[in-house]
Amino acid sequence: MIGPASSVREQWNQFVRDLLNLFANVLFAVSLFGVWGLLTLIGVVVDQGRDPSDYFGAYPPAVARLILRMHFDNVYHSAQYVGIIGLILTSLAVCTFKRVIPARLPALRPVKIEHMPLHAAILVRGTYAAVRERIDRFFSERGWTIRKREFGGVEWSFADRHNWARRGVLVAHIGFVIIAAGTTIYWARGFSGTTTVLSGAAATIPQTGARLFLDRFTYRIDPITTKSGIVYQPIDYVSDVHVTGRDGQSRALTIRVNHPIDVDGTLVYQATYGFAVDFRVTKDGIPVPGIPTRPLEEGAGFALGDTGRAIRYHQFVGTIDRTNGGIAADPRPNDAGVVVDVFDGDQQLGSAIVPFGKSLDLGAGYRLTPLHYALYSGLQYRYDPGIPLVGIGAFVLLAGLCISLYLLPARLYVRIDPESGTSPSAPTRWRVGVAATTVKGYDVFEEQFRELVSALERDTRTAPAA
């Protein structure tokens, strides 16, 4: 009779077995990698560490709320990102001990040679010791490692080639663990973010306190003739800055695209640039209070007094096409203006292009005037102490994959038995049975096995057994 305690224990054991089988399942592991890749892609597409208002300015409200609620604005430090890495590591560990090690490093055990897909038998004359020595020498001269075991009074020989390559998958797993460790270090100690700085102004990296003063920002846009017409392509944009780090010393540096600077271990990249604009708002010719006094960047806005309406600076227009009042192709400031959006609550009422020095009538006596613009530099900074580990892990992972894909570990099972019909007391003919297995199936080794058996037959100078 099975008691309640035994029943509970059996249910628990069954639950543990099912859980281990789930984590050992290849499709489950692939699904985890897919989720991890998706979260990593979100972290690349969505700017990280921005102010919540920036997301509402860059995305529709529903998408912005989703980004903030799911912590996609700081995805690499989120619970779901760390959790998925933990699940992947758990799956790798279970797969390693339940599937990889038993399959890649099988124990030395006897097999039924005639039941193996790759098997053969040859007849050899001589004493047992001479036949055994001849067979061992044959395989050793061809690079096979010989190990002998006795089972039930019968001696078996196990010949392995590229046996160390069986650990290729384990090496790949170790590589991923190293990558995960590097990612974890970034999660624990690293940071990243973006900032903008106007020409003649300064910005501070909040995590380190490093100060970057923008002396001058320059850019170059060249017209390029294509089949579809003239295209204005940004060639280069450069920030000349004075940087003050932890040592308190100010030094002049230049930040270019794809050429970051190192500030106390934090890399600062030239990411983008734009035009900040000063606006003036009046009502019946009198300046309206509460309007921002500093230049606004694209996407920023302000409330229009107590009207419940708001103005957003949407886009800088380098050249206004005077023939139709639209936006010309040349983005360089020639006849410049701005595109502004007018909102009533969350509802957009409309957009308009306003040249510099001109006014836009907003109704009820309100008028909006863009006064002048100033260049600003968009900088991206990142501190990742886990990069060396990630690089090492990637190399180890690649090495493990190469070992697994390009090398073929194989094992031969060799057993020597007296030929039937010979004298039991002093047999002179021996039947040598050989079987082969590989970690990649039997078909890939079939031709090599046939050649190996033929060479063994020639070496022993016998004919194959019937």
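No lab work stands behind these numbers, since they all come straight from the coordinates. Just so you know, these numbers come straight off a predicted model, no measurement behind them. Every residue, glycine as well, gets a Cβ built from its backbone with ideal geometry; the counts of neighbours run over all protein chains shown.
Is any helix in the chain, taking whole DSSP H runs, at least 18 angstrom long along its axis by alpha carbon and on average at least -0.5 on the Kyte-Doolittle scale, and which ones?
4-24, 26-45, 79-95, 168-189, 387-406
For the chain, what's the radius of gyration and Dmax over Cα atoms, in angstrom?
Cα radius of gyration and Dmax of the chain are 36.7, 125 Å respectively.
Which of the aspartates and glutamates could be linked to Lys227 by a straight reach, that is with a Cα gap under 20 Å, when you skip same-chain ones fewer than 8 residues away?
Counting by Cα, and skipping residues close in sequence, Lys227 has these aspartates and glutamates nearby: Asp330.
So if I take the centroid of the Cα atoms in the range 108-148 and the same for the range 11-88, what is the distance between those two points in Å?
So the separation of the two Cα centres works out to 53 Å.
Answer with one residue from Thr293, Gly305, Ala364: the one whose Cα lies farthest towards the positive end of the charge dipole of the range 282-368, charges on Cβ with Lys, Arg +1 and Asp, Glu -1.
Positive-most Cα among the choices belongs to Thr293.
Using Cα pairs closer than 8 Å and at least 6 residues apart in sequence, work out the relative contact order for the chain, in percent.
The normalised contact order for the chain reaches 20 percent.
Compute the Cα gyration tensor for the range 185-271, then decide on rounded, prolate or oblate, letting a ≥ b ≥ c be the square roots of its eigenvalues: rounded whenever a/c is under 1.5, prolate when a/b is larger than b/c in the other cases, and oblate in all that remain.
It is prolate, given that a/c is not under 1.5 and a/b is the larger ratio.
So who's got an amide H within less than 5 Å of the one on His314, skipping anything under 5 residues away but keeping other chains? H placed 1.01 Å off N, in plane.
Sorted by chain and number, the residues that satisfy this are Gly299, Val339, Val340, Asp341.
When the Kirkwood radius is taken over all Cα pairs of the range 282-368, what Stokes-Einstein diffusion coefficient follows at 37 °C and 0.692 mPa s, in µm²/s?
239
By the gyration tensor of its Cα atoms, with a ≥ b ≥ c the square roots of the eigenvalues, what is the shape of the range 4-103: rounded for a/c under 1.5, prolate for a/b over b/c, or oblate?
Prolate, since a/c reaches 1.5 and a/b exceeds b/c.
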